[in-house]
Amino acid sequence: MNMYAIFFRGSKRSVLLKAAVLFIAIALLDWAVVGEVPLGFLYLLPMVLVGGVLGPVQITAIAGVCTFLAEAFDDFNWTARTGVPRDVMYFAAYASVGLFVREMSRNRAAAQQHLNEVEQERDARKEAEEQLKALIESSPAAIITADSDGVVMMANESAHRMLCVPSAQLPGKTIYSYLPSLTNVSRRDPSRQFFRTVMQARAQREDGETFLADICFSTYSTKAGSRLTAMVLDASEDLRTHEVSGLHQLLAGSRIAVSAVSHEIRNVCGAIAVVHRNLSHGGSLAGDEDFEALGNLVVALERIASVNLSQSTEKATEVDLVALLEELKIIITPSLQEEGVAVEWRIEALLPLVWADRSSLMQVFLNLVTNSSRALSGKTNPFVAIIARREGLQVVVEVSDNGGGVVQPEYLFHPFQAGAASTGLGLYLSRAFMRSFGGDLRYKSLPGGACFLAELNSVLPYRSYDND
């Protein structure tokens, strides 16, 4: 087999050289041997060689040469009656062998190429499966695959941890006992609708504990039936964080709102108290029980209204203002685009961290942008600019628009303003939020527009103070 491979294989040039040597050797042998034994059949051997490297026309031409050599050096007399049939048979034999070998070589090359492609695809598929398996096993999200009956077929380690099931024991259990909301999703009939969606629903662990889950799932069809794959994330902590943050925000806003109400009540009570004192000095109402009761009511009302806003910074932390403004951009851009408002963002590079309560600061910016959007309603070429820059030890964020400005800016930050869109507390609360963590909110008039400046303290002064 090794000798065959060495003799019949090689480069095209080497194979043709071997074939030429064989042609010459066989021709000389046929010329030298005298007798009735024809040696023309030996030309089949070089035809096998050339058949693997030449094309059909070249093979046919060489077959003709072999026919001429076989006829020229044999000892048979050539006549038209006997020579032509003999030469036709020679030519047919040589050409057939060469063309047959050529087709065999082509088929072998095609089969080898196909085999190589199959092996490459197999290796690529194996590598992809290994990568996918590693990705699934290392994923922090729970990934579960179930059949049409809801029986778990595969689950990664995160799924076992999330559902409090011992390792490798989820397969064979029903997925509906852990994710009841998927009960009506899995389909036995492959002709029915398939799902690819996300939902938030209640889930249950092995020990009976319930939790909120974000479930991204899809169903698909296989030869063995429909399948369901779900990716599950535990959203309980996010829910708790969101609700606690909302509670703190509600309490802070309520405290400021109550302070605003108390402030207005104190003003009214002060005016009533002045009138009460003036009337008491007249003496005409001295000793009148109803008049004295009115004075006591005013005192009691002043005491109730004595609740005041304390400037607390207990929730203030270091805030990345650039990241917060990026989130603000994501939030407000769609609504402003729908209203046809152009927005310009100019954020200075390398802004320092600022001292603020992140959620309160976001509410301040949202309130300012909402006010600008409301002022720009029906305006021509509405425009909002949000600019953040550093000024000494402070960072200033400007929110400006071309909505026409404010008629009475001296009353901007007063609560319960006449003509306000809702309660008239938006700007009052926004400035109170800013002042609660050491910042401030100011108004600056612009030609044909308005500008609000949110001033924030950078974290640098606080850090340098610790180093003193």
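Points to keep in mind about this one:
- Residue tally, condition under 23 Å from K18 (Cα atoms) and hydroxyl-bearing (S, T, Y), over segment 41-93: 4
- A single entry from T370, T380 fulfils the requirement of being over 17 Å from I347 (Cβ atoms) and either assigned to a helix (DSSP H, G or I) or of a type in the set (A, V, I, L, M) (or both): T370.
- Test result for P46, under 13 Å from V97 (Cα atoms) and either surrounded by fewer than 15 Cβ atoms within 10 Å (Cβ to Cβ) or at pLDDT 80 or above (or both): yes
- Test for V97: is it at negative phi and under 60 Å from the mean Cα position of the chain (by Cα): no
- Looking across segment 430-458, just one residue is modelled with pLDDT under 90, of a type in the set (S, T, Y) and farther than 14 Å from S360 by Cβ, and that is S445.
- Residues considered: V343, V354, V369. Of these, the only one that is surrounded by fewer than 18 Cβ atoms within 10 Å (Cβ to Cβ) and touching a helix residue (DSSP H, G or I) at 6+ places or on another chain (Cβ under 6 Å) is V343.
- Residue that is modelled with the highest pLDDT [pool: residues in segment 74-111 that are surrounded by 12 or more Cβ atoms within 10 Å (Cβ to Cβ) and polar (S, T, N, Q)]: S96
- Checking A146, A159, A155 one by one, the residue that is at pLDDT 90 or above, in contact with a helix residue (DSSP H, G or I) (Cβ under 6 Å, 6 or more places away or on another chain), among the small types (G, A, S) and assigned by TED's automatic domain parsing to the domain that holds R227 is A146 and no other.
So that you can scan it fast, the table gives a plain yes or no per residue for (1) in a helix (DSSP H, G or I); (2) under 30 Å from T210 (Cα atoms):
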| residue | (1), (2) |
| --- | --- |
| R106 | yes, no |
| A109 | yes, no |
| L115 | yes, no |
| E121 | yes, no |
| E129 | yes, no |
| K133 | yes, yes |
| D149 | no, yes |
| R161 | yes, yes |
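So that you can scan it fast, the table gives a plain yes or no per residue for (1) within 30 Å of E157 (Cα to Cα); (2) of a type in the set (F, W, Y); (3) outside the structural domain of M154 (by TED's automatic domain parsing):
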position: L44; (1), (2), (3): no, no, yes
position: T60; (1), (2), (3): no, no, yes
position: A63; (1), (2), (3): no, no, yes
position: P85; (1), (2), (3): no, no, yes
position: Y90; (1), (2), (3): no, yes, yes
position: V101; (1), (2), (3): no, no, yes
position: R122; (1), (2), (3): yes, no, yes
position: E129; (1), (2), (3): yes, no, yes
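- Test result for E71, assigned by TED's automatic domain parsing to the domain that holds A109, modelled with pLDDT under 80, over 60 Å from the mean Cα position of the chain (by Cα) and more than 19 Å from V88 (Cβ to Cβ): no
- Condition met for R227 (among the charged types (D, E, K, R) and at pLDDT 75 or above): yes
- P166 being modelled with pLDDT of 90 or more, more than 18 Å from T229 (Cβ to Cβ) and more than 25 Å from the chain's Cα centre (by Cα): yes
- Unique match (being touching a residue at least 40 places away in the same chain (Cβ under 8 Å), of a type outside the set (D, E) and in the same structural domain as A454 (by TED's automatic domain parsing)) among L366, L351: L351
The values are calculated or read from the model by the stated rules, or taken from the named source; none is laboratory data. Source: prediction; values computed, not measured. No Cβ is skipped: glycine too gets one built from the backbone with ideal geometry, and neighbour counts run over all protein chains shown.
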